[in-house]
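No lab work stands behind these numbers, since they all come straight from the coordinates. Because the structure is a prediction, the values reported are computed rather than measured. So basically every Cβ, Gly included, is an ideal-geometry build from the backbone, and we count neighbours across all protein chains shown.
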Amino acid sequence: MEVYSSENEQREALGQFLADNGKALVIGVVIGIAALVGWRYWHNHQNDSMLASSASWQQVNTALTKDTGQKSVDAAQKFADENHNNYGALTAMDLARYYVDKGNFTAAEQQLAKALTQTKEENLQALINIRLARVQLQTKNVDAALKTLGNITHAGWSALVEDARGDAQVIKGNNQAARDAYEKALKANPPQALQALLRMKLNNLAS
């Protein structure tokens, strides 16, 4: 970096710099302002879109909860297909729950797999993966369930992950691995209801 000996030299240097680079500076400023305006427009548009998605999701979710007729199911499916965001993922999860209630675990698994592609939120992905693993256990696809659980790395979900992993090991007949998983789940200090369930599972392994 050059060091100028006087204020006049600094002014002259600045003047020469502007003469040589003024056009480039103006273009740079214009591009910068355009980028800022564009980002703000995009950000506001995203907010507006998310607000609209939120309102629509509430309507679809309420309809699906109160009325499981084909019209409500079709509306929820349409919403899930058209919204590639968190609300689309939540709707796919609602549809998965609907199919689980119907005993259609294949359709439920498809909905949860779809939900995973619609969100980048780590916690929501963890919840979806836990539900997906539970559905896979229902169909005795234990290896797939264990693989799904392995995708969850956030420590805050460890109790639920280890609980499901323990159930998977029980199905495989590996009681020691199941015990280890249930004990890990207890060490994660889960809610009391889950603690009671885990202790019951450990007691069942001992009998």
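Quick notes on this structure:
- Length added when fully stretched, Asp81-Ala107, from 0.36 nm per residue minus Cα-Cα: 7.9 nm
- At 1.306 mPa s and 10 °C, Stokes D of the range 87-159 from Kirkwood alpha-carbon radius, µm² per second: 132 µm²/s
- At the listed q of 0.25 Å⁻¹, the Debye profile of the range 154-207, built from one uniform point per Cα, gives log10 I(q)/I(0) equal to -0.89.
- Sparse-neighbourhood loop sites, trypsin sites (Lys or Arg not before Pro) in the range 112-207 - DSSP loop, at most 14 other Cβ within 10 angstrom: Lys120, Lys140
- In straight-distance terms, cross-link reach from Lys102 covers every one of the lysines whose alpha-carbon lies under 22 Å from its own, apart from those fewer than eight places away in the same chain; here that gives Lys66, Lys71, Lys78, Lys114, Lys140.
- Using a simple spin-label model with pseudo-atoms 7 Å out from Cα toward Cβ, Asn175 and Ala55 lie 5.9 nm apart.
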